């Protein structure tokens with residue numbers, strides 16, 4: 001199983017600014033920055049994948065700031081939240097860069113959602 005059951009669910013976003021928008025197959029994708037949340041993590045970016053036939057995201061990929069004592073492998077960690085499951089994809093510096101995080105997130109989601117043949121179309 002790719003994902004492990006966990007108590008952490010979808011991000012609770014109070015406010016955020018859309019930084020990028022894409023279409024991939026039947027999915028609308030938005031990358032949010034300047035995220036304000038009451039969650040116990042500091043989000044740098046949140047990428048949300050919404051099936052065009054739905055209203056709520058099917059999957060999130062987040063860039064989260066690691067606490068100061070947990071930065072030996074990088075300042076940011078990437079987490080995938082898919083339904084009720086989540087997976088920590090590891091820490092690095094690149095998730096703090098909008099372009100690198102977006103490219104990585106789209107590649108990762110394409111594999112997970114089996115969209116490897118689909119080309120993302122940037123809308124914003």
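The values are calculated or read from the model by the stated rules, or taken from the named source; none is laboratory data. Keep in mind it's a predicted model, so treat the numbers as computed, not measured. Here the Cβ is made from the backbone with ideal geometry for all residues, glycine too, and neighbour counts use every protein chain on show.
With respect to (1) surrounded by 13 or more Cβ atoms within 10 Å (Cβ to Cβ); (2) in contact (Cβ under 8 Å) with a residue 40 or more places away in the chain; (3) not in a strand (DSSP E or B), the lone exception for residue 124 is condition (1).
Okay, residues lined up against (1) under 20 Å from residue 122 (Cα atoms); (2) in a strand (DSSP E or B); (3) modelled with pLDDT under 95:
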site	(1), (2), (3)
9	no, no, yes
18	yes, yes, no
29	yes, yes, no
35	no, yes, no
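When you go through 55, 62 one by one, which is the residue that is within 23 Å of residue 28 (Cβ to Cβ) and in a loop (DSSP other than H, G, I, E, B)?
On the way: 62 fails: in a loop (DSSP other than H, G, I, E, B).
Result: 55 is the single residue among 55, 62 that is within 23 Å of residue 28 (Cβ to Cβ) and in a loop (DSSP other than H, G, I, E, B).
Please pick out the residue among 41, 52, 31, 78 that is surrounded by 15 or more Cβ atoms within 10 Å (Cβ to Cβ) and over 12 Å from the mean Cα position of the chain (by Cα). One residue alone meets the criteria, 41. When each of 25, 51 is tested for being in contact (Cβ under 8 Å) with a residue 24 or more places away in the chain and on the phi > 0 side of the Ramachandran plot, the lone residue that passes is 25.
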